[in-house]
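The numbers here are math on the coordinates, done by the rules we state, and not lab data. From a predicted model like this one, the values you see are computed outputs, not experimental measurements. Positions of Cβ are backbone-derived with ideal geometry, glycine not excepted, and every protein chain shown enters the neighbour counts.
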Amino acid sequence: MPNVERSLEREKSIVKWLQTISKDASAIYLLGDVFDFWFEYKTVVPKGFVRFLAAICEITDSGIPVYLFPGNHDLWVGKYLENECGVVVVKNAITIKLGQELCYLHHGDGLGPGDTSYKWMKKVFLSKFAQKAFAMIHPGIGVSFAHKLSRKSRLSQNPKEDNYLGDSNEHLTQFCHQYLASCETQKPKYFIFGHRHLVLDIDLGDGCRYINLGEWLHGSQYAVFDGTELQLKKWSTQGV
């Protein structure tokens, strides 16, 4: 989105970013919606992404682990990217150690209260029946239909319509507070998500933070932990 030319420009920028950060990265986490649409047929995968996939292969071949969290756009990620590119596909939330602090990672879809219709729909899409049924559709039809739906998405049409709705109305903010309230041992200092398409750094109290990474259709943000603290940064596309 919005067209082949802009998509190629964005892919080259992301590849340059990956090549730059991999020089001193100990691990890379991609928190979902990496692909606008992804479905693995038995012998077919969506065309394109060759520069991006090659960059990922180069990173994993060098010994740096790359963790990929399927998002709601690419929730049908299967074994191809693991076998071909060496990524670790993470289909559930994980908690990792950053220095002395805990960090909770997930794409963010389906977490928190409410959003019942999407949670039900996600269960249906992840069912073996739904995936087998979609696999029966010719790739030329199935992938084209998925891309047509994406071009009508709110993010594609008008990203400025997305605004932070306030702590009491944001599912992920509420999830973070509920999770912290239920912790009986060490609490995560950082909750990092994608999904919401907004760049957010929300103070949850007691030194805990909810970080949302935004999106790369109209922005280019990412998070870095340097051994001491976590920072949100913006990748400059100038000169790419």
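Convex hull over the Cα atoms of segment 27-90, averaged projected area in nm²?
3.9
Using a 10 angstrom cutoff on alpha carbons, build the Gaussian network for the chain and name the most mobile of 39, 49, 193.
Looking only at 39, 49, 193, the largest GNM fluctuation is found for 49.
Once you have the Cα-Cα distance between residue 44 and residue 164, take 0.36 nm times their residue separation minus that, and quote the gain in nm to one decimal.
39.3 nm
Ratio of Rg to Rh for the chain, alpha carbon only, Kirkwood?
In the chain, Rg relative to Rh is 0.94.
Once you have a ≥ b ≥ c as the square roots of the Cα gyration tensor eigenvalues for segment 91-137, tell me rounded if a/c is under 1.5, and otherwise prolate or oblate according to whether a/b is larger than b/c.
Note, shape of segment 91-137 comes out oblate.
Restricting to bridges with both residues inside the chain, how much of the DSSP beta-bridge set is antiparallel, in percent to the nearest 5?
Looking only at bridges with both residues in the chain, the antiparallel portion is about 55 percent.
What list do you get for 128, 234 if you sort them by fewest beta carbons within 10 Å?
128, 234
Which lysines, if any, have their Cα less than 23 Å from the Cα of residue 233, not counting same-chain residues under 8 positions apart?
Residue 233 reaches 12, 16, 23, 97, 160, 189.
What number, rounded to the nearest 500 deg cm²/dmol, is the helix-based mean residue ellipticity at 222 nm of the chain, given -39500 (n - 2.57) per DSSP H run of at least four residues and division by all its residues?
Mean residue ellipticity at 222 nm (helix-derived): -10500 deg cm²/dmol.
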